[in-house]
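Data first, discussion second: the structure below is written as structure tokens.
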Amino acid sequence: MSAPLIWIFIPTVFAVMIWIIPNERLVAWLGIGISLILALAAWLLPIETPLNLGNWSIKITTTLTILGRHLNLSSTDQPLLIFFYSSLCFWYICSRIAGASHKHIPYGLLIITLLISALAVEPFLYAALLIEIAVMVSIPLLKSAKHPPGRGLMRYLTFQTMAMPFILFSGWLLTGVTAGSGELSLISQAAIFLGLGFVFLLAIFPFNTWMPLLATETHPMALAFILWILPTVGFLFGLYFLDNFTWIREANNLSVILRASGLLMIVTGGIWAAFQKNLQRMMAYAIIMETGYSLIALSIKGTIGVDIFFGLLIPRTFALFLWALALSIILDKNSSAQFATVKGMGRIYPFAASIIILSHFSMAGLPLLAGFPIHQALWEQLGILSINGAILYLVATIGLLMGGIRTLAVLVTITNEDGFSIKENWLQRFSLSLGILLLIIMGIFPQWAAPLLSQLPSMFNHLGK
Amino acid sequence: MVTLVASFGLMLSRGWRWSLSFLAIQYLGVFFFVQTIWPISLAIVKLISGLIVCFSLATSQESKASFSNPEISWPQGRLFRLLAAGLILITTLAIAPQASNWLGINNPGGTWASLLLMGMGLLQLGITTQPMRVIIGLLTLLSGFEILYAFVESSALVSAMLVLINLGLPLVGIYLLVPENLEKTR
């Protein structure tokens, strides 16, 4: 038995089987169960070490070969598998509470297996093709049941598809560079193509316009999932290049380019968030800023940059999924997320409104919330590198905080004299209260995530050491 | 010439029958260029998959002449499209030799056809939001890329996965046009 079989092929088969089942509740529980089992398996099962069960001895191998190509999942990838499948389980639970369509379950599982296989495949150029297939599979997930496909969805498909040719072509050029035949011109060509590919894949400014557009066209849970998994896998794919190609890792301008792109993204995202009047778009701008934070983290040389990059993942995942859950609950009874429509909703949905505000502030790095410790570390490191960069970071954060304060003002506005009339059901109240606790506890005790976070960089040979 | 006519035809045509006919001719052009590098048994895959794409798109269309969902973006005028396509043609003709040299591909004709299709695909993507037109734009863009990529990569598995993506894109387009009531009855 091999690791790719357990964490890629079996879930893929399950995804197809679940897709056929018409019972919504059964599908939801199956999805939660499978993702939880896969996360536990990644935590408990050793890879490449014999596991003795009575008279039986099982050894999980790292490699699966298909048509001469290899899928590799080693023990250093296990923390990542735990992170992916436990986050998927959390997303399924949030989707269930939000009352999202059961079609989210099989598509979510299929997308995550495709993207894990993209990270596991060798030679790496197949990853671009697998990511593109995952993007195509994500379209049914993102298509709204209420509206015809909008500009955001079409732009998403277009930009993500455009990433593939650039990465494939750069893969060919990199082969030439690695073979030693490449001179300086070949290296610069490869760098240009690779850069363009990642600009599209990671939705880096100015190719991120689809995010706020798509936010208003699709279910918040579906949006949160796609905007969580695609940039995460895109960054990990990018880190693979940094880890494997010394000339990229040691390029003089790489750090400056990453920092400038990151700052541009957080400043533009922060300014737009400050003046935003739609809750869904607000979430999209916060995610754009998250991509910017990750770019800034990777611009910091040494292991500290990689550590901060991985440190951002867990608070982001919690805040994003909880934000989407709360938004789904509010949108369930409202036609739009415009400020004018959701005015005073904090008095009808106090738990959901609290989660929206806390998730928003967590992503802005407000003290005592989940995002604070890592944002503080990132800001400090950025300040050491560039004081102007740190000032821009502050400006962007103020922009996002202003957006949060405006959201708070809108949600708690008194529209009539009825006072509080809570419309959330008990399950929603309970789960949202847990979410509030989670965001606060993670801010006060960030070290609780340390055992997982400290192992994540070990999947890279050079960057993590 | 076939590629040129097909790509211009795709830009200017409005009815789905004409558009898909030009798309099929365009795939014939792609096959022509790819078969100069790859064995014909492998290159024919591009043509067959292209024709399947055209058939699958055709079956999704209603009987009316134009694409379902009217175009809401501007500009829609044929003259504008012709001029824009002309600009792409001139630009690609001008840069093809240098691009061929830069990429180390010893086939300026193939490089030009590839750049032309990629340029036309981008132009289509830039002036439309209609799902089926966007899919055709993406297919045109990928067709151009596939010619260029065929010069440098001859892996059968990469080719198979590109075919999978080529076949997946029209399915996505068809899915996007599925009426909601039909989707709910699944």
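Odds and ends about this structure:
- Normalised radius of gyration (Cα atoms, divided by 2.2 N^0.38 Å) for chain A: 0.96.
- Length added when fully stretched, A:A409-A:D332, from 0.36 nm per residue minus Cα-Cα: 25.6 nm
- Paramagnetic reach from A:L44 in region A:1-36 [backbone N under 13 Å; point 7 Å along Cα→Cβ]: A:36
- Peptide ranges B:148-154, A:291-297 listed from the most packed, as the mean C-beta count within 10 angstrom indicates: A:291-297, B:148-154
- Each residue, A:E122 and A:K423, gets one label point 7 Å from its Cα in the Cβ direction; the gap between the two is 5.6 nm.
- Label point distance in nm, B:I44-A:V13, each placed 7 Å from Cα along Cα→Cβ: 3.5
- Other-chain or far-sequence residues with amide H under 5 Å of A:V121's (modelled H): A:N72
- Protection proxy ranking for A:299-310, A:247-258, A:81-92, using the average of other Cβ atoms within 10 Å per residue and placing the highest first: A:81-92, A:299-310, A:247-258.
- In this simple spin-label approximation, B:F80 and A:L368 carry label points 7 Å from Cα along the Cα→Cβ vector, and these lie 5.5 nm apart.
- Cα convex hull volume per residue for region A:348-432 (Å³): 81
- Scalar couplings 3J(HN,Hα) for region B:52-57, obtained by applying the Karplus form with A = 6.51, B = -1.76, C = 1.60 to θ = phi - 60°, are 4, 4, 5, 5, 5, 5 Hz; x denotes Gly and Pro.
- Dimensionless Rg/Rh of region B:117-172 - Kirkwood Rh, Rg from C-alpha atoms: 1.02
- Value of Rg/Rh across region A:1-54 [Cα atoms, Kirkwood radius]: 1.07
- Sorted from greatest to least, the principal axis extents spanned by the alpha carbons of region A:234-338 come out as 54, 24, 18 Å.
- Tail beyond 29 Å, pair distance distribution of region A:252-465 (Cα, percent): 28
- Shielding of A:149-162 by partner chains, average beta-carbon count, 10 Å: 5
- Shape index of region A:102-198: Rg/Rh, with Rg the Cα radius of gyration and Rh the Kirkwood radius from the inverse mean 1/r over Cα pairs, equals 1.10.
- For the peptides A:47-56, A:322-331, B:14-23, the ranking by mean Cβ contacts within 10 Å, running from highest to lowest, is A:322-331, B:14-23, A:47-56.
- Residue-averaged beta-carbon neighbours from other chains (10 angstrom radius) around B:148-161: 4
- Rg/Rg_globular for region B:16-172, with Rg_globular taken as 2.2 N^0.38 Å and Rg from C-alpha atoms: 1.05
Computed from the coordinates by the stated procedures, all read-outs in this text should not be read as laboratory data. Everything numeric in this text was worked out from a predicted model, so none of it was measured. With ideal geometry, Cβ positions are generated from the backbone for all residues, glycine too; neighbour counts draw on all protein chains shown.
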